[in-house]
Amino acid sequence: MKVIAGVAKGHKLKTTAGKHTRPTSGKVKEAMFSIIQSFLHNSMALDLFAGSGALGIEALSRGASYCDFVEQSKKAVEIIAFNLEKTRLNNYNIHNTAVKNFLSACTSKYDLVFIDPPYNKNLPSQVLQLMSERALLADNAIIVCETGADEKIDTSLKIYKQSVYGDTKLTFYENR
């Protein structure tokens, strides 16, 4: 997996091995970023269930001003740190904690949020509910949820765009 565009373009990213992670395919990542490109410049980004950090790293490479990476797995956090050091990107924090714990304590507002949890566990609905309750979304924020193609998300946020790529569905929400 590589960084597709921006200042870190071409850097190969290390990924976690095993059945508990599912890196976003290059095709899906390219489609995702072509849709949100106009929202990236100077955005405050949040990469939840960050895995290798590929989505937040791509956002930083393309012009996001800051990114919080949240990942519960210690091994994945080590890989995120390795990838960020390798790409020489800055203006980020890595949080080695459960997503719900992070969101419960968070006081920041985000312009761009990536939610890429394990599929079919109703996690996007729970995360979006908690983010709304805690008022963590900036006005006009864009939220990108990557789920299984048949997975449903229960939220009052307005769908900006939705696309299916094989067994993966991308749903883009806007906070208006």
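Is it true that residue 160 is more than 22 Å from residue 41 (Cα to Cα), in contact with a strand residue (DSSP E or B) (Cβ under 8 Å, 6 or more places away or on another chain) and not β-branched (Val, Ile, Thr)? Against the criterion (more than 22 Å from residue 41 (Cα to Cα), in contact with a strand residue (DSSP E or B) (Cβ under 8 Å, 6 or more places away or on another chain) and not β-branched (Val, Ile, Thr)), residue 160 does not qualify.
Based on this model, can you work out whether residue 58 counts as surrounded by 22 or more Cβ atoms within 10 Å (Cβ to Cβ), acidic (Asp, Glu) and under 19 Å from residue 127 (Cβ atoms)? Criteria not met by residue 58. In the set 26, 6, only one residue is more than 23 Å from residue 125 (Cβ to Cβ), at pLDDT below 95 and out of contact with any helix residue (DSSP H, G or I) (no Cβ under 8 Å at 6 or more places or on another chain); that residue is 26.
The conditions of being crowded, with 21+ Cβ neighbours inside 10 Å, closer than 22 Å to residue 57 by Cβ and out of contact with any Lys or Arg (no Cβ under 9 Å at 6 or more places or on another chain) are met by residue 112. Once the range 29-45 is narrowed to residues that are under 16 Å from residue 171 (Cα atoms), buried (at least 18 other Cβ atoms within 10 Å of the Cβ) and not aromatic (Phe, Trp, Tyr), the residue that is modelled with the lowest pLDDT is 29. Restricting attention to the range 138-176, which residues are among the basic types (Lys, Arg) and free of Cβ contacts under 8 Å to residues at least 40 places away in the same chain? Those that are among the basic types (Lys, Arg) and free of Cβ contacts under 8 Å to residues at least 40 places away in the same chain: 152, 158, 169, 176. If you check residue 125 against the conditions, is it hydroxyl-bearing (Ser, Thr, Tyr), under 24 Å from residue 65 (Cα atoms) and either in a helix (DSSP H, G or I) or at pLDDT 95 or above (or both)? Here the answer is no, as residue 125 does not meet what is asked. Regarding the range 47-57, can at least one residue be identified that is in a strand (DSSP E or B) and at negative phi? Yes: one or more hits. On the basis of being surrounded by fewer than 19 Cβ atoms within 10 Å (Cβ to Cβ), under 19 Å from residue 58 (Cβ atoms) and at pLDDT below 95, does residue 165 make the cut? So residue 165 passes the test. Among the conditions (1) surrounded by fewer than 21 Cβ atoms within 10 Å (Cβ to Cβ); (2) assigned to a strand (DSSP E or B), residue 143 misses just one, which is (1). Out of curiosity, is residue 118 closer than 23 Å to residue 26 by Cβ and surrounded by fewer than 17 Cβ atoms within 10 Å (Cβ to Cβ)? Judged against the criteria, residue 118 is a match. Scanning the range 31-55 for residues that are farther than 19 Å from residue 106 by Cβ, in contact (Cβ under 8 Å) with a residue 24 or more places away in the chain and among the small types (Gly, Ala, Ser) yields a total of 4.
The values are calculated or read from the model by the stated rules, or taken from the named source; none is laboratory data. As the structure is a prediction and not an experimental result, all values here were calculated from the model. In this analysis, Cβ positions are derived from the backbone assuming ideal geometry, glycine residues included, and neighbour counts consider all displayed protein chains.
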